[in-house]
Amino acid sequence: MAKGWPEHLFLVGCGNMAGQMLNRWLDCGLDPSRVTVLRPSGGPVADGVDVVTTYPQALAHGTTVILGMKPYQVADVAAQLAPLCHAEVSMLSILAGTTLGDLRARFPATGDIVRAMPNLPVGMGQGVVALYTDAHTSPSGRANMEALLGPLGLSEWMADEALFNRVTALSGCGPAFLFRFVDALSRAGEAIGIPADQAARMAMATVQGAANMAAAAQVTPATLADQVASPGGMTREGLNVLDADDRLLTLMTETLEAARDRGEAMARGD
Ligand SMILES: NC(=O)c1ccc[n+]([C@@H]2O[C@H](COP(=O)([O-])OP(=O)(O)OC[C@H]3O[C@@H](n4cnc5c(N)ncnc54)[C@H](OP(=O)(O)O)[C@@H]3O)[C@@H](O)[C@H]2O)c1
């Protein structure tokens with residue numbers, strides 16, 4: 001594999017999420033002639049990328065298959081795709097709730113299979129991707145997936161597949177929670193008298209700058225917050241409100257618990 005790119009990439013489905021991943025890979029230099037996308041609409045994806053509506057006769061050695069359709073379509077897809085898979089084909093699945101055991105059962109001849117849970121900022125190279133695989137995946141297979149996913153942002157291997165639904169609550173749903181926070185910061189600014197448009201711009205830039213600062217800091221965000229809050233000052237007074245009775249921590253814990261519980265209910269088919 002040259003420069004971390006698979007010899008061939010075969011995407012089954014290329015909608016919101018797989019499309020973000022592919023756009024990022026192309027932006028980072030993936031040769032589009034190595035990519036084939038299967039999508040029922042047959043709509044174009046990107047310059048130079050081959051789009052098909054039916055499965056090819058065979059998958060070449062060194063192909064990495066990305067499962068990017070909806071999870072409920074896995075049985076239909078497997079009926080046509082599994083006969084094409086062999087030991088020299090690797091698979092990356094982003095199907096929420098579809099376990100590695102299920103994938104191994106549906107695609108038994110496939111070599112390395114890795115489950116991934118990306119979030120939407122992968123399209124900007126600032127995403128988070130949770131990963132899980134089993135002992136059937138070779139060390140080089142893991143390394144190849146890490147190389148492929150590197151341009152998308154932070155990748156984290158999960159030791160236990162049961163954690164997948166929980167990390168989905170954190171990093172998968174996390175962007176929406178942060179959008180709410182930025183909106184609340186902006187509206188709170190408006191509530192204390194700052195013009196709405198200025199409050200919106202300043203809230204957004206504050207969150208962006210502070211996130212970058214925290215990411216670059218040598219200390220934890222918790223320590224950073226205390227370092228920038230002098231005793232008796234304005235920041236400390238504001239933090240006292242967030243910290244009272246662990247108010248913010250309780251709110252975030254309840255938020256993640258609700259998302260986690262919904263994920264578990266959906267996995268049960270509720
Ligand atoms: N969206 C997220 O934030 C997110 C986050 C993590 C994981 N995921 C996972 O990503 C997957 C896709 O979600 P999405 O939001 O990207 O969905 P989406 O935008 O609806 O895209 C679905 C894609 O699947 C294609 N497709 C439909 N029927 C198919 C079939 N029978 N065989 C092969 N491809 C088929 C569609 O083709 P056309 O383009 O022709 O319509 C489309 O390209 C899901 O499994 C989801 O669990 C999503």
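The values are calculated or read from the model by the stated rules, or taken from the named source; none is laboratory data. Everything numeric here is computed off the predicted structure, so don't read it as measured data. Virtual Cβ from ideal backbone geometry, glycine too; neighbours counted across all protein chains shown.
For the range 69-79, give me each residue that is over 17 Å from residue 111 (Cα atoms) and either part of a helix (DSSP H, G or I) or not assigned by TED's automatic domain parsing to the domain that holds residue 52 (or both). The answer is 71, 72, 73, 74, 75, 76, 77, 79. Residues that are among the basic types (Lys, Arg) and over 20 Å from the mean Cα position of the chain (by Cα) were ranked within the range 1-55; the one that is nearest to residue 120 (Cα to Cα) is 39.
Of the candidates 196, 222, 191, 211, the single residue that is touching a Gly at 6+ places or on another chain (Cβ under 9 Å) and at negative phi is 196. Selection of helices (runs of 4 or more DSSP H) fully inside the range 136-208 by the criterion of at least 3 residues being more than 20 Å from the chain's Cα centre (by Cα) returns 174-191. For residue 166, the conditions (1) closer than 30 Å to residue 98 by Cα; (2) without any contact (Cβ under 8 Å) to a residue 40 or more places away in the chain are fulfilled apart from (2).
Looking only at the range 225-250, residues that are at negative phi and not in a loop (DSSP other than H, G, I, E, B) come to 18 in all. State which residue is nearest to residue 169 (Cα to Cα) when the search covers only the range 107-130 and only residues that are more than 13 Å from the ligand (Cβ to nearest atom) and buried (at least 21 other Cβ atoms within 10 Å of the Cβ). So, considering only residues that are more than 13 Å from the ligand (Cβ to nearest atom) and buried (at least 21 other Cβ atoms within 10 Å of the Cβ), the one nearest to residue 169 (Cα to Cα) is 114.
Cβ-Cβ contacts under 7 Å between residues 6 or more apart (or on different chains), taken from a first residue in the range 7-28 that is over 18 Å from residue 53 (Cβ atoms) to a second residue that is near the ligand (Cβ under 6 Å from one of its atoms) and not in a loop (DSSP other than H, G, I, E, B), are listed as 17/118; 20/120; 21/118. Across the range 31-38, not a single residue is classified as of a type in the set (Gly, Ala, Ser) and either in contact (Cβ under 8 Å) with a residue 24 or more places away in the chain or within 16 Å of the ligand (Cβ to nearest atom) (or both).
Restricting 186, 155, 171, 140 to those that are loosely packed, with under 14 Cβ neighbours inside 10 Å and either among the aliphatic types (A, V, I, L, M) or free of Cβ contacts under 8 Å to residues at least 60 places away in the same chain (or both) reduces the list to 140. Screening the range 50-79 for residues that are among the hydroxyl-bearing types (Ser, Thr, Tyr) and away from the ligand (no atom under 14 Å from the Cβ) and picking the one that is surrounded by the most Cβ atoms within 10 Å (Cβ to Cβ) gives 64.
With the requirement that a residue be away from the ligand (no atom under 12 Å from the Cβ) and of a type outside the set (D, E, K, R), what does the range 80-102 give you? Those that are away from the ligand (no atom under 12 Å from the Cβ) and of a type outside the set (D, E, K, R): 82, 83, 84, 85, 86, 87, 89, 90, 91, 99, 100, 101. Filter the range 119-135 down to the residues that are touching a helix residue (DSSP H, G or I) at 6+ places or on another chain (Cβ under 6 Å), more than 18 Å from residue 66 (Cβ to Cβ) and part of a helix (DSSP H, G or I) and list them by number. Scanning the range 119-135 gives no hits.
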